[in-house]
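**Student:** Sending over a structure as structure tokens; questions will come in a sec.
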Amino acid sequence: SELLRADGVGFAYRKGADALREVDLTVTAGRHLGIVGESGAGKSTLLRLLLGLDAPTAGRLFADGTPLDVRDRARLRAHRRFVQPVFQDPYSSLDPRRRIGAIVSEPLRSLGIAHGETAATRAAHALKAVGLPADVVVRFPHQFSGGQRQRIAIARAIVGGPQVLLADEPVSALDMSTRVQVIDLLDELGQSGGLEGRPLTVVLVSHDLSVVARLCHDIVVLERGTVVERGTTREVLTAP
Ligand code: ADP
Ligand code: ADP
């Protein structure tokens, strides 16, 4: 089924040329989608729109079968339960003053999904799903390596049971061997269905084709804000 759809989406920052023009794409359940392109191609902008952080200046976005209107608070709240972000830098994305337990369970509180003991139990499940022991909840981010921090960020992203993870260069700050481990974790979560056995589909932005090829079923190539190529990973990577 269709999770996300962009129909003729454009985006212009207040200054400068259009960052996105006439972008059409569909994210289908169970098919991880890679968004690739050179720096400045519009990848991060597209991800911000799919996250609902900005509204397109042209075209329309649909999520979970309904239009995504970011000015509608209730709609945005539902969207936050549906999609969750994973960012590039696991050092700046985790609040250094908070314990891992509070960091991982935070979306549950802000989304009104669970409180108290239920939230703690769900956080423990999320940490287990990313391969971390339950006792990390009392520790702080600085006690973990980059790869472990990215696992914690992924635990936070899946704790509320989203159907889509939107990951912007999630491994580019990590060393090579850790990259593969984190990508394989995303693959595993996609197959096992995250926390609740629900399908979990990843949209992965990366400039690293080997990372994309390892995880993604389909690829969209952006160039100066427009889609210049799309297809299965095999089709795109073997194209002349
Ligand atoms: P990326 O890693 O996606 O290429 P950049 O390093 O280009 O990101 O940009 C880092 C931050 O600066 C982002 O938040 C981006 O939105 C912002 N940014 C990029 N280009 C400009 C620009 N021309 N004017 C203002 N902000 C920009
Ligand atoms: P990518 O993620 O592929 O590197 P971005 O989405 O960051 O690309 O940027 C797309 C275009 O939008 C680039 O030309 C960039 O300079 C511009 N841009 C990004 N952020 C801003 C911003 N905050 N203000 C103005 N221009 C921006």
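The values are calculated or read from the model by the stated rules, or taken from the named source; none is laboratory data. Values in this document were obtained by computation on a predicted structure and should not be read as measured data. Neighbour counts are summed over all protein chains in view; Cβ atoms, including those assigned to glycine, are modelled from backbone coordinates with ideal geometry. SASA here: full protein model, heavy atoms, side chains in, ligands and nucleic acids out. Shrake-Rupley method; radii C 1.70, N 1.55, O 1.52, S 1.80 Å.
**Student:** Among the listed residues 132, 108, which satisfies the condition of being more than 26 Å from residue 49 (Cβ to Cβ) and surrounded by 15 or more Cβ atoms within 10 Å (Cβ to Cβ)?
**Tutor:** Only one candidate qualifies: 132.
**Student:** With respect to residue 154, determine if the residue is buried (at least 21 other Cβ atoms within 10 Å of the Cβ) and over 30 Å from residue 20 (Cα atoms).
**Tutor:** So residue 154 does not fit the description; no.
**Student:** A further question follows. Anything in the range 205-228 that is open to solvent by 30 Å² or more (accessible area, probe 1.4 Å), at pLDDT 95 or above and within 15 Å of ligand 2 (Cβ to nearest atom)? List them, or say none.
**Tutor:** Within the range 205-228, 223, 224, 226, 227, 228 meet the criteria.
**Student:** Turning to a different aspect of this structure: Regarding residue 41, is this residue within 16 Å of ligand 1 (Cβ to nearest atom), at pLDDT 95 or above, open to solvent by 20 Å² or more (accessible area, probe 1.4 Å) and more than 30 Å from residue 193 (Cβ to Cβ)?
**Tutor:** No, not satisfied.
**Student:** Right, next: Kindly list the number of the only condition in (1) in contact with a helix residue (DSSP H, G or I) (Cβ under 6 Å, 6 or more places away or on another chain); (2) within 18 Å of residue 87 (Cβ to Cβ); (3) in a loop (DSSP other than H, G, I, E, B) that fails for residue 195.
**Tutor:** (2)
**Student:** In the range 12-31, which residues are surrounded by fewer than 22 Cβ atoms within 10 Å (Cβ to Cβ), more than 8 Å from ligand 2 (Cβ to nearest atom) and not polar (S, T, N, Q)?
**Tutor:** Those that are surrounded by fewer than 22 Cβ atoms within 10 Å (Cβ to Cβ), more than 8 Å from ligand 2 (Cβ to nearest atom) and not polar (S, T, N, Q): 12, 18, 21, 22, 24, 25, 29, 30, 31.
**Student:** When residues of the range 32-65 are filtered for being in contact with a helix residue (DSSP H, G or I) (Cβ under 9 Å, 6 or more places away or on another chain), of a type outside the set (Gly, Ala, Ser) and either within 8 Å of ligand 2 (Cβ to nearest atom) or touching a residue at least 40 places away in the same chain (Cβ under 8 Å) (or both), how many remain?
**Tutor:** So the count comes out to 8.
**Student:** For the range 198-209, give me the residue count where each residue is touching a helix residue (DSSP H, G or I) at 6+ places or on another chain (Cβ under 6 Å) and in a loop (DSSP other than H, G, I, E, B).
**Tutor:** Result for the range 198-209: 2.
Here is a yes/no grid of residues against (1) modelled with pLDDT under 95; (2) among the basic types (Lys, Arg):
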{"position": "67", "(1), (2)": "no, no"}
{"position": "70", "(1), (2)": "yes, no"}
{"position": "74", "(1), (2)": "yes, no"}
{"position": "77", "(1), (2)": "yes, yes"}
{"position": "84", "(1), (2)": "no, no"}
{"position": "87", "(1), (2)": "yes, no"}
{"position": "93", "(1), (2)": "yes, no"}
{"position": "99", "(1), (2)": "no, yes"}
{"position": "111", "(1), (2)": "yes, no"}
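**Student:** Now for a separate question. Would you call residue 179 away from ligand 1 (no atom under 16 Å from the Cβ), crowded, with 24+ Cβ neighbours inside 10 Å and either outside any strand (DSSP E or B) or in contact (Cβ under 8 Å) with a residue 40 or more places away in the chain (or both)?
**Tutor:** So residue 179 fails the test.
**Student:** With respect to residue 162, determine if the residue is within 16 Å of ligand 1 (Cβ to nearest atom) and open to solvent by less than 10 Å² (accessible area, probe 1.4 Å).
**Tutor:** In short, no.
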